[in-house]
Ligand SMILES: Cc1ncc(COP(=O)(O)O)c(C=O)c1O
């Protein structure tokens with residue numbers, strides 16, 4: 001009889017089958033994503049459209065869908081031209097890179113990332129390693145991670161994806177800071193003037209738009225502000 005720890009009695013463990021790697025084909029991927037978006041739009045209308053559903057239907061991951069989907073195509077269709085500036089807030093960086101990716105080769109389109117002023121890994125950080133990636137991070141000279149702060153939880157992070165550090169260093173993208181107060185002001189303004197309550201993260205991106213010397217700007221409204229209402233209203237009331 002096999003003893004409990006006698007591994008020879010157990011069936012050999014199958015190593016997981018590796019899925020064959022798909023060949024990179026950006027054109028086909030793009031077509032598949034747009035096709036999926038059209039199909040969902042036709043079937044469920046605008047309300048049914050989400051990046052997740054498009055990604056699932058197209059058989060790509062969500063980041064890929066996000067990069068290809070929406071902004072660039074829709075702006076070209078609606079305005080017949082690309083925007084002068086694309087603006088997105090930057091926490092860990094995936095939101096902004098998703099927005100920027102489609103425009104990277106459009107040299108005339110300025111890319112502006114907005115960081116929380118006290119969590120500005122790109123604006124005030126130094127080269128270092130956080131969570132296994134070498135990038136621009138908030139740390140002291142020994143590499144000890146420094147505290148970050150932001151009124152928006154999503155931007156309150158002392159590191160950033162390395163691609164942003166590269167975009168900063170090559171000059172392809174610019175990164176600007178935004179304070180809590182400036183973000184709150186933008187949060188209140190958009191809610192009042194458009195009836196759209198932006199996430200506090202997105203309000204950072206909105207806040208810098210006025211400071212840009214441009215008429216045609218695409219801002220990434222990365223999320224809704226319902227989740228932030230209690231905190232924002234308390235902060236606004238406190239003045
Ligand atoms: C609504 C919203 N927008 C933007 C961000 C920032 O995204 P990222 O961390 O990808 O830069 C977050 C992060 O949690 C978020 O919740």
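Values in this text are rule-based calculations from the coordinates and carry no lab data. The model shown is predicted, which means the values in this text are computed figures rather than measured ones. Quick reminder, even Gly has a Cβ in these numbers, built from the backbone with ideal geometry, and neighbours come from all protein chains shown.
Ordered by the number of other Cβ atoms lying within 10 Å of each residue's own Cβ, fewest first, 142, 180, 226 fall into the sequence 142, 226, 180. Residues 114, 208, arranged from fewest to most other Cβ atoms within 10 angstrom of their Cβ, appear as 208, 114.
Comparing 196, 151, 137 in a Gaussian network model of the chain (Cα springs below 10 Å), the most mobile by mean-square fluctuation is 196.
Run lengths n ≥ 4 of DSSP H only: what is the helix-derived mean residue ellipticity at 222 nm for the chain, with -39500 (n - 2.57) per run over all residues, to the nearest 500?
On the way: 9 runs with 94 residues, N = 239.
Here the helix-only value at 222 nm equals -11500 deg cm²/dmol.
Each of 25, 228 was scored by other Cβ atoms within 10 Å of its Cβ. Arranged with the fewest first, they read 25, 228.
Can you tell me what share of the DSSP beta bridges in the stretch 81-238 is antiparallel? A percent to the nearest 5 is fine.
Numbers: 7 of 21 bridges.
Around 35 percent of the beta bridges assigned by DSSP in the stretch 81-238 are antiparallel ones.
The relative contact order of the chain comes to 16 percent, based on Cα pairs under 8 Å that sit 6 or more residues apart.
Over what distance in Å are the Cα centres of the stretch 86-115 and the stretch 149-225 separated? Each part's Cα centre sits 11 Å from the other's. Relative to the dominant Cα principal axis of the chain, helix 200-209 is inclined by about 50°. Helix 26-44: angle to the longest alpha-carbon principal axis of the chain, degrees 0 to 90, nearest 10? Tilt relative to the chain: about 70 degrees. Extents of the stretch 143-210, taken as max minus min of Cα coordinates on every principal axis and listed largest first, are 42, 28, 15 Å. Working note: Cα gyration tensor of the chain, eigenvalues times five, square-rooted, sorted largest first, giving semi-axes of 35, 27, 20 Å.
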